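The next block holds one structure in the form of structure tokens; read it before the comments.
The values are calculated or read from the model by the stated rules, or taken from the named source; none is laboratory data. Small disclaimer: the values here were computed from a predicted structure and weren't measured. Quick reminder, even Gly has a Cβ in these numbers, built from the backbone with ideal geometry, and neighbours come from all protein chains shown. Side chains included, ligands, DNA and RNA excluded: accessible areas come from the protein's heavy atoms. Shrake-Rupley method; radii C 1.70, N 1.55, O 1.52, S 1.80 Å.
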Amino acid sequence: MTPDVIITVVIIAVIILFLAVFFALVPVTLWISALAANVRISLWTLIGMRLRRVVPSRIVNPLIKSIKAGIDIPINKLEAHYLAGGNVDRVVNALIASQRADIPLEFERAAAIDLAGRDVLEAVQMSVNPKVIETPIVAAIAKDGIELKAKAKVTVRANIDRLVGGAGEQTIIARVGEGVVTTIGSAETHKEVLENPDKISQTVLSKGLEAGTAFEILSIDIADVDVGRNVGAQLQTDQAEADKRIAQAKAEERRAMAVAMEQEMVAQVQEMRAKVVEAEAEVPRAMAAALREGKLGVMDYYNMQNVISDTQMRNSIASAEEGK
């Protein structure tokens with residue numbers, strides 16, 4: 001291979017390498033698209049984005065979109081928002097939507113909402129088209145002890161000024177549930193609530209539930225009210241059952257005391273009988289001693305035996321007559 005050919009090959013290789021590096025650093029197609037859209041961006045700006053590890057298309061495409069919509073946003077602000085972790089395309093879409101809906105919204109405000117973790121485009125759309133939030137079934141008990149189960153639908157509109165730092169949908173749902181429980185619980189009978197379900201809506205709306213939230217409540221509608229358990233009757237039944245068990249326990253205590261007293265009396269009777277038997281066992285000994293000592297004659301002994309026999313006979317006759 002001649003030196004001229006080698007030099008030619010080296011030159012071609014250098015040119016190819018230069019073009020590869022150039023097109024890697026400079027998004028030429030994106031630059032041409034910007035020029036075609038009448039968006040003036042220098043190649044050095046695009047190269048700087050590459051060096052700062054910014055994807056040029058994430059900045060240039062939203063910039064083209066905003067300029068076409070008549071919104072002038074400095075490219076430095078878009079790039080700064082991207083570097084901060086924001087979604088540039090969503091912010092630009094939100095600005096365009098707010099302009100079309102005649103809603104005042106500045107780029108700094110939209111960027112702050114986006115960086116706060118909220119969907120700024122959805123917030124703008126919700127400002128134009130209010131959203132309906134359906135609460136879960138809320139159970140409450142009226143004063144007459146009847147349980148009611150209510151479900152509400154809350155129509156809200158996003159408040160862009162309170163999106164940063166304002167409470168979300170869960171707070172609205174919790175406050176509405178609290179208002180439903182309070183309204184049903186203050187009703188004298190469950191029939192009052194069934195006859196006028198709008199009473200719940202009026203009471204809940206009067207509490208100012210939207211304070212400190214990112215929404216503006218437009219209306220609260222009671223979608224459904226169902227009758228649940230008779231909690232009052234159930235409580236009375238449980239109380240009666242508890243009273244019955246207490247009475248049974250006290251009766252059992254009294255019965256046990258009576259049984260104990262009866263057993264004690266039986267023990268005393270048995271003890272007395274033992275003493276009587278012991279005393280009767282001493283009678284023959286006393287009589288024998290009296291006979292030996294001459295204090296009791298034989299005839300006296302026979303007379304006493306006759307009296308005992310007569311007494312036993314009378315007792316037998318009396319028992320037979322009672323048995324008839």
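Annotations
- Length available on full extension from T155 to V283: 0.36 nm per residue minus the Cα-Cα distance, which gives 35.3 nm.
- Of [x] 176, 74, 32; [y] 80, 71, 31; [z] 164, 75, 36, the label for Cα extents along the principal axes in Å derived from the coordinates: [x]
- A simple spin-label model places pseudo-atoms 7 Å from Cα toward Cβ; at S33 and E169 they are separated by 3.3 nm.
- Here the extension length gained between N230 and K191 equals 12.7 nm, from 0.36 nm per residue of separation less the Cα-Cα distance.
- Against the main long axis of the alpha-carbon atoms of the chain, helix 231-293 sits at an angle near 30°.
- Beta bridges per DSSP with both ends in the chain, % antiparallel, nearest 5: 95 percent
- Just the protein heavy atoms count here, and of the accessible area of the chain at 1.4 Å, carbon and sulfur take up 57 percent.
- Global geometry of segment 194-263, whether rounded, prolate or oblate, following the gyration tensor of its Cα atoms and the 1.5 cut on a/c: prolate
- Springs join every pair of Cα atoms under 10 Å in this Gaussian network model of the chain, and among V266, V283, V204 the largest mean-square fluctuation is at V283.
- Distance (nanometres) between label positions extended 7 Å along Cα→Cβ at Q305 and D119: 12.3 nm
- Distance between the modelled labels on R292 and Q99, one decimal in nanometres: 14.4 nm (7 Å Cα→Cβ projection).
- Probe 1.4 Å, accessible area per residue of segment 93-205, Å²: 49 Å²
- Within-15-Å neighbourhood charge of A152 [Cβ basis; K, R +1; D, E -1]: -1
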